[in-house]
1. Select from the range 78-136 the residues that are free of Cβ contacts under 8 Å to residues at least 40 places away in the same chain and among the hydrophobic types (A, V, I, L, M, F, W, C) and list them in ascending order.
2. Among (1) over 26 Å from Pro171 (Cβ atoms); (2) assigned to a strand (DSSP E or B); (3) among the polar types (S, T, N, Q), where does Thr221 come up short?
3. What number of residues within the range 239-266 satisfy the criterion of being hydrophobic (A, V, I, L, M, F, W, C) and open to solvent by less than 10 Å² (accessible area, probe 1.4 Å)?
4. Could you name every one of the strands (runs of 3 or more DSSP E) located completely within the range 153-217 that has at least 1 residues being modelled with pLDDT of 95 or more, among the polar types (S, T, N, Q) and touching a Gly at 6+ places or on another chain (Cβ under 8 Å)?
5. On the basis of being open to solvent by less than 50 Å² (accessible area, probe 1.4 Å), more than 20 Å from Leu167 (Cα to Cα) and touching a residue at least 40 places away in the same chain (Cβ under 8 Å), does Ala277 make the cut?
6. Go through (1) on the phi > 0 side of the Ramachandran plot; (2) out of contact with any Ser or Thr (no Cβ under 7 Å at 6 or more places or on another chain); (3) open to solvent by 10 Å² or more (accessible area, probe 1.4 Å) and name the single condition Gly178 misses.
7. Of the residues Tyr192, Tyr231, Tyr226, which is surrounded by fewer than 22 Cβ atoms within 10 Å (Cβ to Cβ) and out of contact with any Leu (no Cβ under 9 Å at 6 or more places or on another chain)?
8. In the range 329-344, which residue that is under 21 Å from Ala288 (Cβ atoms) and part of a loop (DSSP other than H, G, I, E, B) is least open to solvent (accessible area, probe 1.4 Å)?
Amino acid sequence: MIAKRKTALLLAVSALGMSAAAAFAQDAQTQTELDALRARVEALEAANPGAGTGDLRIGNTTLDVYGYVKSDFFYDTDFELGDLADATRIGEPANATSGTFGATVRQSRIGLRTNTPSAIGDIAGQLELDLFSGGTDGPAELRLRHANIRIGDNWLIGQFWTNFQPLDTYPTTVEFNGPVGIPFARVPQVRYTNTLGSDTTFAVAIEENVGGSDSNDPVLTGSIEYNNGTYLARASALYGKAQSGAVEVDQTGYTLSAGIRPWQGGLFQVNYVDGEALGPYLIAAGDAIVNGQANDVDGFTVEFRQELSPKWNVGIAYGQENYDLPTSTGTLSFTEVETIHVNAFYKATDNLTLSAEYFYGERNDAPTGRTFDSNRIQLAAQLNF
């Protein structure tokens, strides 16, 4: 496994992150404003999608405009990784570089939340857009992220994060995607959510499959999560179909997630995913079917975060994906890919956050047994509104 050679490095940097003095507290259930960190923004949306705070009122409907402007500047050392820091581009001759500077504002986004009281409970709505319509290297064009209706506390109808994704333990990074080894998808769905006691929620959903699965059949997902603010445990499962030409296979998988705040401000969290034909749901987006066979995959992420002061926090996140069968990315085909993110965030004001990140990525070429790696330094400024 290609990660073994960097185990000592990872542990050393992790130890530095844990010793700094207490990890960034990220409790999505208690946030009332968009946080400067992308992952906490997403967690807030998950906790209360479509909840207007009343910036504007039309009749008995309140509306809230939210979002942020973000500028990213990055330098790739060996292979150009694009605006999304795509680790599967590593090794491809067309992406080779002796050093490339890039910049983007495409992570910037804007959204609208509404809330309307009714006889069947509050009816809320959410519409959110960003600038990633053009893919990894495309132009800054509007792309739909979320468009959903929420009825009371139980029903969500429309496009939102898949119920299979462990949103509350998603690692925080400066670059857009985050580490490999974790589900990441927004899909149209009908979801029912309820509680079991004060600290446990469960959800079931019928969802549209992700594009890379090439199936018209619906996907069934279920999740259950315990979160008391100090300890978090979550499990989710998925069942659907994946198709390639005339070949159709079962698409199944599960995720297991855990988090702990072991001291004031401290955070340690892990995610594990395993399944068959599940690649299109993961960050590296490996093929679901190869040569007529379902492509089994497993992956994981580990994150440590440390709050140094009310304005500073640092962290490290590691991710890995391993496939049974190779996915072609041009001239190469990978079965293993891994990433490391080491970052720092400075909250200059309540709305303005400055950040820096070192990114390392590695992937293999399965037919030849070669491995390739690349590095990125990234700086960013983000203004929330």
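1. Ala96, Phe101, Ala103, Val105, Ala119, Ile120, Ile123, Leu127, Leu129, Leu131
2. (1)
3. Filtering the range 239-266 for residues hydrophobic (A, V, I, L, M, F, W, C) gives 242, 246-247, 249, 256, 258, 260, 263.
This time we only want the ones that are open to solvent by less than 10 Å² (accessible area, probe 1.4 Å), so: 242.
Total meeting the criteria: 1.
4. Values: elements: 155-161, 186-195, 200-207.
Counting at least 1 such residues, we get 186-195.
5. Numbers: open to solvent by less than 50 Å² (accessible area, probe 1.4 Å): yes; more than 20 Å from Leu167 (Cα to Cα): yes; touching a residue at least 40 places away in the same chain (Cβ under 8 Å): yes.
Considered against the rule, which asks whether it is open to solvent by less than 50 Å² (accessible area, probe 1.4 Å), more than 20 Å from Leu167 (Cα to Cα) and touching a residue at least 40 places away in the same chain (Cβ under 8 Å), Ala277 comes out as yes.
6. All conditions are met except number (3).
7. Values: Tyr192 fails: out of contact with any Leu (no Cβ under 9 Å at 6 or more places or on another chain); Tyr226 fails: out of contact with any Leu (no Cβ under 9 Å at 6 or more places or on another chain).
Answer to the selection: Tyr231.
8. Leu332
The values are calculated or read from the model by the stated rules, or taken from the named source; none is laboratory data. In this text the structure is predicted, and so the values were computed from the model without any measurement. Cβ coordinates were reconstructed from backbone atoms using ideal geometry, including for glycine residues, and neighbour counts include every protein chain displayed. Just so you know, the surface numbers come from the protein's heavy atoms only, side chains and all, with ligands and any DNA or RNA stripped out. Shrake-Rupley method; radii C 1.70, N 1.55, O 1.52, S 1.80 Å.
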